[in-house]
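Inspection log for the structure reproduced underneath, given as structure tokens.
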Amino acid sequence: MKITFLGTGAAEGIPCFGCTCPRCQAARRGEGHNARRRASVLIEAAGYRMLLDTPPEISAQLDQAGIFDLSAIFLSHEHFDHIGGLVEFEYWSQVLTIFAGYEVLSKLPLTPRLQAKALISGFYPHTRLHFGGLTVMPFKVIHHVPCYGFVFEDEGARLVHFTDSGPDFSDLHRHLMKAADVVIFHTPTFEPHRSHVSVQRVISLVQELSLRRAVITHINHNNFLHEELVERVAPYGITVAYDGLTMEV
Ligand SMILES: [Zn+2]
Ligand SMILES: [Zn+2]
Ligand SMILES: [Zn+2]
């Protein structure tokens, strides 16, 4: 299974327009991996290519990554940074399959053109969707609005993607994390945050549950510069995603 991080920024992206903080300025100067477009991930396995979320910059993300076909799009929740680019698919050249939870479907900005060319399907949590050898299982996470994480499994490799989640996890979530080869967390801030997992929270989860591999993404401009963040989490075996990072599971 191949994972590509097309974008790794939180809601505002980095640089955040109107902001002149040192992180946004470093991103504008093109230094290191500090510029982060909003978060989306591409998962390729068993001959399928799945896109997870459609941030506002999705057309540029796919174009620059050289991705010209998709098997399906999975949408986690209704927040703008995750679905703001959905309407761009009016101009996609092929028929497109879109999956979202039923409570999320009703919130999507589906234009008549998009409805005419997309095959839109609702899913229930804990229902396995099969694509050849690849299975995708959505599960619920705690967020301000209905939101889904996803388990992707192929040939014994298991990726658990928590999407935007609050800092509290159920017993079921912990089991999913422990059984995963890779767990992806959305961590806007380093310090604890009431509605999102923080980097510090991920560090404690990695230690408490002995996670095999944790990756953090969806990082905002109040967090550390990329290299500094890498230094802080490397001792715990945590990977800091950056735009364009690819990984094999
Ligand atoms: Zn978000
Ligand atoms: Zn800033
Ligand atoms: Zn959100």
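The values are calculated or read from the model by the stated rules, or taken from the named source; none is laboratory data. What you are looking at is a predicted structure, and each value in this text was computed from that prediction instead of being measured. Every residue, glycine among them, receives a Cβ derived from its backbone with ideal geometry; neighbour counts consider all protein chains shown. Ligands, DNA and RNA are excluded from the accessible area calculation, which covers all protein heavy atoms including side chains. Shrake-Rupley method; radii C 1.70, N 1.55, O 1.52, S 1.80 Å.
When region 51-62 is filtered for residues that are part of a helix (DSSP H, G or I) and either surrounded by fewer than 21 Cβ atoms within 10 Å (Cβ to Cβ) or free of Cβ contacts under 8 Å to residues at least 24 places away in the same chain (or both), the ones remaining, listed by number, are Ser59, Ala60. The numbered conditions (1) at pLDDT below 95; (2) small (Gly, Ala, Ser); (3) within 12 Å of ligand 1 (Cβ to nearest atom) are all true for Gly9 except (1). Kindly indicate whether any position in region 19-40 is touching a strand residue (DSSP E or B) at 6+ places or on another chain (Cβ under 8 Å) and of a type in the set (Ser, Thr, Tyr). The answer is yes, given that some residue of region 19-40 is touching a strand residue (DSSP E or B) at 6+ places or on another chain (Cβ under 8 Å) and of a type in the set (Ser, Thr, Tyr). Applying a threshold of 8 Å to beta carbon distances and a minimum spacing of six or more residues, or different chains, the list of pairs starting in region 12-39 at a residue that is over 20 Å from Thr217 (Cβ atoms) and ending at one that is away from ligand 1 (no atom under 16 Å from the Cβ) reads Pro22/Leu225; Gln25/Pro15; Arg28/Pro15; Arg28/Ala35.
Reported count of residues in region 3-50, each being open to solvent by 10 Å² or more (accessible area, probe 1.4 Å), within 15 Å of ligand 2 (Cβ to nearest atom) and in a loop (DSSP other than H, G, I, E, B), is 14.
One residue stands out among those in region 188-227 that are open to solvent by less than 70 Å² (accessible area, probe 1.4 Å) and touching a Cys at 6+ places or on another chain (Cβ under 8 Å): the one that is farthest from Thr163 (Cα to Cα), which is His221.
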